[in-house]
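Just so you know, all these numbers are worked out from the coordinates, no wet-lab data involved. In this text, all values refer to a predicted model and were calculated from it rather than measured experimentally. Ideal geometry is used to build each Cβ from the backbone, glycine not excepted, and the neighbour counts take in all protein chains shown.
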Amino acid sequence: MSIDTNALHAHIRELIGTPSVSSVSAEWDMPNAPVIAALAARLEGAGWQIEIQDLPGKPGKQNLIATLGRGEGGLILSGHTDTVPYNEELWSSDPFTLTERDNRFYGLGAADMKSFLALAMAACADIDPANLKQPVILLATADEESSMAGARALVAAGKPKARYAVIGEPTDLKPIRMHKGIFMEAIRVQGQSGHSSDPGLGRNALEGMHKIIAELITWRQELQQNFTNDAFRIPYSTLNLGHIHGGDNPNRICGSCELQIDLRFIPGLNRDELRTELHKRAENAAQSADPALEVSFTALHEGTEPMDTPANAEIVTTAEKLTGASAEAVAYATEAPFLSLMGIETLVMGPGSINQAHQPDEYLELDQVKPTIRYLQQLIEKYCQ
């Protein structure tokens, strides 16, 4: 395997040096179009067919679908182009400058997951399209770290089409076939403020929220007792009460209260059904405190379904043979369920550790570079050549 190390390093440096933070907070959010343009220029120069997909209602947000070869089926190598926000003062070096030290690449996106896009291109550098029986597709998406809007746009468009996909999230090159689903919700109780000396002058939203919290804890216990999956280190769904704010003064009846929750659920449970159950339980609980209380909901994160690629799936067993590692389950979410929804057999496997993701001084171990390229080339050979 011949690798042009200088060219590869220059490509990773270019991607990390092009900021593309995505965030639900407007002050952090930025376009990813410059990263897409940089990838497209390199790929088009190497003979790939390029399609750039603009995300509806999101100026400057784009997906890239690059195809080498023709035909049905084939293999997708997929990565997201965005990163999380960062605390520059906590970094030992510039987050947007690729820095090599201690046999590592440091930079925002070094592990999660701009480096994978460069490594995937390096794995394809010597491929003659004429030798491909089925295409290789490089997929680069927007907003994975915030709204999953890029993946949702792909599903809405029904493309790309392929038989298999590898999403190169940082897994230390261990195959991942399963992860939990997730959604985040704000629950708001609206009552009526009034003088605290007379409870009859108002409707206490905080007391309604107290009932809701008690009901959510009961529901959480039911989910954990009734649905388990031992493939996960934490083998049940988790419901986190993450943020609450209500009222404004101790001598006023609390007029409004908001709770924000995070629910991560195991395969076999359905996001929409869980959200419906959440709403029903919260409304009933608030009504038990005071029938006049009003309850409303805001989806803070629309959410994703769990990933559950079967243990005997072709892409899973192949990756296990290549790496010598058994496929695992993880708690974090990826774009895999969206590709699976399009009938693509999907695996998550890439260089770097999830423990380094979303952290100051994010890094990629350099000793994972060559194995990553080798595994990708072997997968391309099997599924495309």
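Each peptide in 87-97, 147-157 was scored by the mean count of other Cβ atoms within 10 Å over its residues; highest first, the order is 147-157, 87-97. Cross-link partners of residue 370 among lysines, defined as those whose alpha carbon lies under 27 angstrom from its own and excluding same-chain residues fewer than eight positions apart: 114, 133, 174, 321, 382. Length gained on full extension, residue 279 to residue 100: 59.5 nm, using 0.36 nm per residue less the C-alpha separation.
Computed from phi, the 3J(HN,Hα) profile of the range 361-373 under the Karplus parametrisation 6.51, -1.76, 1.60 (θ = phi - 60°) reads 6, 4, 8, 10, 5, 5, 6, 9, 5, 5, x, 4, 4 Hz, with x in place of Gly and Pro. For residue 161, a cut-off of 16 angstrom between C-alpha atoms picks up these aspartates and glutamates, skipping any fewer than 8 places away in its own chain: 51, 72, 335, 345. Sequentially through the range 178-195, phi angles give Karplus couplings (6.51, -1.76, 1.60; θ = phi - 60°) of 8, 8, 6, x, 8, 8, 10, 9, 9, 10, 10, 10, 10, x, 9, 6, x, 5 Hz, Gly and Pro residues having no value and appearing as x.
Each of 295, 190, 209 was scored by the projection of its Cα onto the charge dipole of the range 181-304, and the greatest displacement toward the positive side belongs to 209; charges sit on the C-beta of Lys, Arg, Asp and Glu.
Can you tell me which of 104-117, 360-373 comes out highest on packing, and rank the rest after it, using the mean Cβ neighbours within 10 Å? Write out the running numbers ahead of the final one.
Values: 104-117: 27.6, 360-373: 18.8.
The most tightly packed comes first, giving 104-117, 360-373.
Counting only Cα atoms, the chain measures 81, 44, 39 Å along its principal axes, largest extent leading. With the simple model of a label 7 Å out from the Cα in the direction of the Cβ, residue 382 to residue 6 spans 3.5 nm. Scoring 201-214, 46-59 by mean Cβ neighbours within 10 Å over their residues and listing the highest first yields 201-214, 46-59. Which residues' amide hydrogens lie under 5 Å from the amide hydrogen of residue 80, considering only partners 5 or more residues apart or on another chain, with H built in the peptide plane? Counting only residues 5 or more places away or on other chains, the set is 141. Remark: spin-label model distance residue 221-residue 370 equals 5.6 nm, labels positioned 7 Å along the Cα→Cβ axis.
I'd like the antiparallel share, as a percent to the nearest 5, of DSSP beta bridges with both residues in the chain.
Details: 48 of 66 bridges.
Roughly 75 percent of the DSSP beta bridges within the chain come out antiparallel.
Here the range 160-195 is scanned for amide nitrogen atoms under 18 Å from the site 7 Å beyond the Cα of residue 312 along Cα-to-Cβ, giving 177-178. Annotation: amide H of residue 300 within the under-5 Å range of 184, 185, 186, sequence separation 5 or more or interchain, hydrogens built in the peptide plane. A simple spin-label model places pseudo-atoms 7 Å from Cα toward Cβ; at residue 72 and residue 331 they are separated by 4.3 nm.
Rounded to the nearest whole Hz, the Karplus-based 3J(HN,Hα) values (6.51 cos²θ - 1.76 cosθ + 1.60, θ = phi - 60°) of the range 273-283 follow the sequence 5, 5, 5, 4, 5, 4, 4, 4, 5, 5, 5, with x at glycine and proline. Considering every alpha-carbon pair of the range 219-352, the percent of pairs per 10 Å bin, from zero through the bin containing the longest distance, is 9, 32, 28, 17, 9, 4, 1. For a test of the definition: using alpha carbon positions, the gyration tensor, and the 1.5 limit on a/c, classify the range 53-134 as rounded, prolate or oblate. Taking the square roots of the gyration eigenvalues as a ≥ b ≥ c, the range 53-134 is oblate. A full extension of the chain between residue 214 and residue 301 corresponds to an added length of 29.0 nm, given 0.36 nm per residue minus the alpha carbon distance.
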